[in-house]
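The values are calculated or read from the model by the stated rules, or taken from the named source; none is laboratory data. Everything numeric in this text was worked out from a predicted model, so none of it was measured. Heads up, the Cβs are rebuilt from the backbone with ideal geometry, glycines too, and the neighbour counts pull from every protein chain shown.
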């Protein structure tokens, strides 16, 4: 949308400078549209650079994790797979009675905003997971 606005303002700048016969009016309108074009470019750059209109979020949850190994096994294990530089996929059971372990914190590749969230965790008997990301401001 912003690119179309910038293109339209640029077109208005050139049309006003070259097609209006009175020089004072042409320079006034041309300067006005040029300033608006520059402002739109600055706002687009601020949006791309600083995620203008979004805020960083952090959500921390603590859950009880259970080993992926059978109950008779003396070794208790949890599977961790690192994806990228800061994303982790954890495999553990949600309850001690579960037969099959399930994956947790798998990035959603269909929603790019969800896929860019990172998950950090600390393991003991409890898994303390912190999810970082950006959300639109709701104010």
If you check 74, 107, 70, which single one turns out to be outside any strand (DSSP E or B), over 30 Å from residue 13 (Cβ atoms) and at pLDDT 75 or above?
-> 74
Residues of segment 3-57 being over 22 Å from the mean Cα position of the chain (by Cα) and part of a loop (DSSP other than H, G, I, E, B), which ones?
-> 20, 21, 22
Within segment 33-54, can you find the residues that are out of contact with any helix residue (DSSP H, G or I) (no Cβ under 8 Å at 6 or more places or on another chain) and without any contact (Cβ under 8 Å) to a residue 40 or more places away in the chain?
-> 35, 38, 39, 42, 45, 46, 48, 49, 50
